[in-house]
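The values are calculated or read from the model by the stated rules, or taken from the named source; none is laboratory data. Just so you know, these numbers come straight off a predicted model, no measurement behind them. Because the Cβ atoms are built from the backbone with ideal geometry, glycine has one as well, and the counts that use them run over all protein chains shown.
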Amino acid sequence: MSSRAIGIDIGGTGIKGALVDLDSGELLSDRVKKSTPEGGEPEAIVEVVKQIVDELLAEALDGDSLRVGVCFPAVVIDGHTMSAANVSKKWIGLAAEELFEKALGRDIHFVNDADAAGVAELRYGAAKGVDGVVLLTTLGTGIGTALINDGVLVPNTELGHLEIDGHDAETKASYAAKERHEWDWEKWAKKLQRYYAHVEALFSPNLIVVGGGVSKHHEHFLPLLKLRARIVPAVLRNNAGILGAAALTSRAHVEPHGGAPLHSTTAS
Ligand code: BGC
């Protein structure tokens, strides 16, 4: 099986994709990036994804055998998008995977964007080799979360929408909230402290990985947070979604020990 795949990351503001080497986690092409169409409607987003995939396939010599992974900012259950926080409400309940497959003329693997980023950080980045509970959070338009225990992902945790002090947490602690209110790093760090302390009390992670574009400025806010868990910036930054979506197309690249159970369940 080819150890290359295409990863597509759909976000509230941009849609990006690249060809990925699944063994090394490196990008084998330039990133193709386009704006998310105004309103985030299904047909318009599918059309942009098709353009990006077509551009990437045109570059690759073995286009026909390449798998395509797509990640999206919503709860994804059995290929259906079950929520829509920063895109059109028309996505709610939609058979989204099928919609993309019809437009692209091929099977795809379809997952939540933060779950894809979490898998990528676990496989290639800041959480590589870390046992126990790892929580990846992406701070962007919303807050995305991926909860992983001993290398196994619990999908669709959506901890960005925890209610804290009567508010949907991402409306107070996302990077978009910082921008909207023009908060400086210290003021935003106070919101992040409230958020991460709450999540830590609920899930007791060993490691928290902070992703999203703003993680490249981590020195301004991570040192201000006081938590028991180690909290570190993501390594893959804005490529994590692309890498994770691509990796999830291949079982051997995402499951502990290449798909074998992590701990033997056979009685001895
Ligand atoms: C969505 C999540 C998504 C996160 C980051 C949230 O608003 O509900 O599904 O993972 O934003 O994009």
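Of the residues 107, 165, only one is among the charged types (D, E, K, R), farther than 17 Å from residue 210 by Cβ, in contact with a strand residue (DSSP E or B) (Cβ under 9 Å, 6 or more places away or on another chain) and surrounded by fewer than 20 Cβ atoms within 10 Å (Cβ to Cβ); which?
Exactly one residue qualifies, and that residue is 107.
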Requested in this report: May I ask you to list the residues in the range 103-134 that are farther than 16 Å from residue 6 by Cβ and not in a helix (DSSP H, G or I)?
Outcome: 112, 125, 126, 127, 128, 129, 130, 131, 132, 133, 134
Report task. Filter the range 194-249 down to the residues that are over 21 Å from residue 177 (Cβ atoms) and hydroxyl-bearing (Ser, Thr, Tyr), then identify the one that is surrounded by the fewest Cβ atoms within 10 Å (Cβ to Cβ). Result -> 204
Query raised in the report: Of all residues in the range 1-37, which are touching a residue at least 40 places away in the same chain (Cβ under 8 Å), of a type in the set (Ser, Thr, Tyr) and either surrounded by 15 or more Cβ atoms within 10 Å (Cβ to Cβ) or touching a Lys or Arg at 6+ places or on another chain (Cβ under 8 Å) (or both)?
Result: 2, 36
Report summary line: residue 237 meets each of (1) at pLDDT below 95; (2) at negative phi with one exception, condition (2)
Report summary line: Of the residues in the range 78-96, those that are in contact (Cβ under 8 Å) with a residue 24 or more places away in the chain and more than 12 Å from the ligand (Cβ to nearest atom) come to 79, 88, 90, 94, 96
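Got at least one residue in the range 63-79 being at pLDDT 95 or above, in a helix (DSSP H, G or I) and within 16 Å of the chain's Cα centre (by Cα)?
no
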Requested in this report: Sort through 147, 136 and tell me the only one that's within 12 Å of the chain's Cα centre (by Cα), closer than 23 Å to residue 239 by Cα, buried (at least 17 other Cβ atoms within 10 Å of the Cβ) and touching a residue at least 60 places away in the same chain (Cβ under 8 Å).
Outcome: 136
Query raised in the report: For the range 150-178, which residues satisfy the criterion of being in a loop (DSSP other than H, G, I, E, B) and away from the ligand (no atom under 13 Å from the Cβ)?
Result: 150, 151, 165, 166
